[in-house]
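Here's the structure we're looking at; comments come further down.
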Amino acid sequence: DAGVTQSPTHLIKTRGQQVTLRCSPKSGHDTVSWYQQALGQGPQFIFQYYEEEERQRGNFPDRFSGHQFPNYSSELNVNALLLGDSALYLCASSRIAWTGGGWEAFFGQGTRLTVV
Amino acid sequence: ELKVEQNPLFLSMQEGKNYTIYCNYSTTSDRLYWYRQDPGKSLESLFVLLSNGAVKQEGRLMASLDTKARLSTLHITAAVHDLSATYFCAVDMNNDMRFGAGTRLTVKP
């Protein structure tokens with residue numbers, strides 16, 4: 001099992017450009033969440049996708065959008081990049097547990113985005 | 001809004017010593033997670049705590065959850081250098097996780 005894979009691992013973009021980050025979930029997982037981790041801080045929740053729909057969203061502007069495909073993989077798109085968007089973007093996959101027993105998220109290695 | 005606070009944020013300890021990291025949160029939740037992150041790396045799941053009074057141990061680390069006090073602890077026993085990393089707690093908020101700021105642990109010989 002390859003676990004959660006993200007691509008690319010590193011990316012440099014210019015202010016105002018657009019970027020797309022990709023995530024393939026762990027085998028058997030159907031839910032993908034995206035997080036932004038600025039240097040020296042904890043991850044901040046961006047949004048979560050399940051059944052190709054956005055289920056939850058954190059406090060991020062509409063410049064951040066996403067998509068989930070039928071194979072459960074996901075993309076994170078960021079438009080009109082700002083210097084402050086520079087961060088490590090983490091994807092986490094999990095399996096929805098309807099029993100209320102909680103779920104465990106597995107994280108990918110992240111994409112380091114630098115906006116210059 | 002859910003707030004998750006960890007303390008201390010920085011911890012330097014000697015090998016062989018014991019210490020506890022605290023994680024307080026502001027809203028009712030009975031699901032709490034601990035993760036480890038090495039520099040430049042992703043997050044590694046350590047513990048999943050799903051009920052009041054839950055206690056889990058793995059090696060030199062032990063985590064507990066008190067949902068009434070809205071408090072989780074991560075206890076380190078007889079620290080070794082390999083435990084040097086940043087430790088995050090995260091609280092489940094309607095199937096998404098809200099993270100604390102992290103505790104950067106350095107274990108010195």
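Would you confirm, using the coordinates I've provided, whether residue B:106 is β-branched (Val, Ile, Thr), within 25 Å of residue A:44 (Cβ to Cβ) and at pLDDT 95 or above?
On the way: β-branched (Val, Ile, Thr): yes; within 25 Å of residue A:44 (Cβ to Cβ): yes; at pLDDT 95 or above: yes.
Yes, satisfied.
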Does the range A:29-46 contain any residue that is out of contact with any Ser or Thr (no Cβ under 8 Å at 6 or more places or on another chain), more than 13 Å from chain B (Cβ to nearest Cβ), among the aliphatic types (A, V, I, L, M) and in contact (Cβ under 8 Å) with a residue 12 or more places away in the chain?
no
Residue under question is residue A:110, and the condition is that it be surrounded by 12 or more Cβ atoms within 10 Å (Cβ to Cβ) and either at the interface with chain B (Cβ under 9 Å from one of its Cβ atoms) or over 13 Å from the mean Cα position of the chain (by Cα) (or both); does it hold?
yes
Do we have residue A:9 as modelled with pLDDT of 95 or more and within 17 Å of residue B:37 (Cβ to Cβ) here?
yes
Only one of (1) under 26 Å from residue A:109 (Cβ atoms); (2) among the aliphatic types (A, V, I, L, M); (3) within 11 Å of another protein chain (Cβ to nearest Cβ) is not met by residue B:54, so which one is it?
(1)
Residue among A:36, A:6 that alone is under 14 Å from residue A:107 (Cα atoms), in contact with a Cys (Cβ under 6 Å, 6 or more places away or on another chain) and surrounded by 12 or more Cβ atoms within 10 Å (Cβ to Cβ)
A:6
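Say we look at the range B:91-105 and pick out the residues that are over 13 Å from residue B:21 (Cα atoms) and touching a residue at least 12 places away in the same chain (Cβ under 8 Å); which of these is farthest from the other protein chains (Cβ to nearest Cβ)?
Narrowing the range B:91-105 to residues over 13 Å from residue B:21 (Cα atoms): B:91-99.
Now drop any that are not touching a residue at least 12 places away in the same chain (Cβ under 8 Å), which leaves B:91-93, B:97-99.
Details: B:91: 11, B:92: 6, B:93: 8, B:97: 7, B:98: 7, B:99: 4 Å.
Checked the range B:91-105; the qualifying residue farthest from the other protein chains (Cβ to nearest Cβ) is B:91.
Could you please give the count of residues in the range B:35-45 that are within 27 Å of residue B:94 (Cα to Cα), modelled with pLDDT under 95 and either in a strand (DSSP E or B) or more than 8 Å from chain A (Cβ to nearest Cβ) (or both)? I'd like the intermediate steps shown before the answer.
First pass over the range B:35-45, keeping only residues within 27 Å of residue B:94 (Cα to Cα): B:35-37, B:41-45.
Applying the additional criterion that residues be modelled with pLDDT under 95 yields B:41-45.
Among the residues that remain, those that are also either in a strand (DSSP E or B) or more than 8 Å from chain A (Cβ to nearest Cβ) (or both) are: B:43-45.
Residues meeting the conditions: 3.
Please pick out the residue among B:28, B:67, B:73 that is crowded, with 16+ Cβ neighbours inside 10 Å and either within 11 Å of chain A (Cβ to nearest Cβ) or more than 13 Å from the chain's Cα centre (by Cα) (or both).
On the way: B:28 fails: crowded, with 16+ Cβ neighbours inside 10 Å; B:73 fails: either within 11 Å of chain A (Cβ to nearest Cβ) or more than 13 Å from the chain's Cα centre (by Cα) (or both).
When all the criteria are applied, what remains is B:67.
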Name every residue in the range A:47-78 that is surrounded by 14 or more Cβ atoms within 10 Å (Cβ to Cβ) and of a type in the set (S, T, N, Q), in order of residue number.
A:48, A:56, A:65, A:68, A:73, A:74
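The values are calculated or read from the model by the stated rules, or taken from the named source; none is laboratory data. It should be emphasised that the depicted structure is a prediction, and the values quoted were computed from it without experimental measurement. Cβ atoms come from the backbone with ideal geometry, glycine included; neighbour counts cover every protein chain shown.
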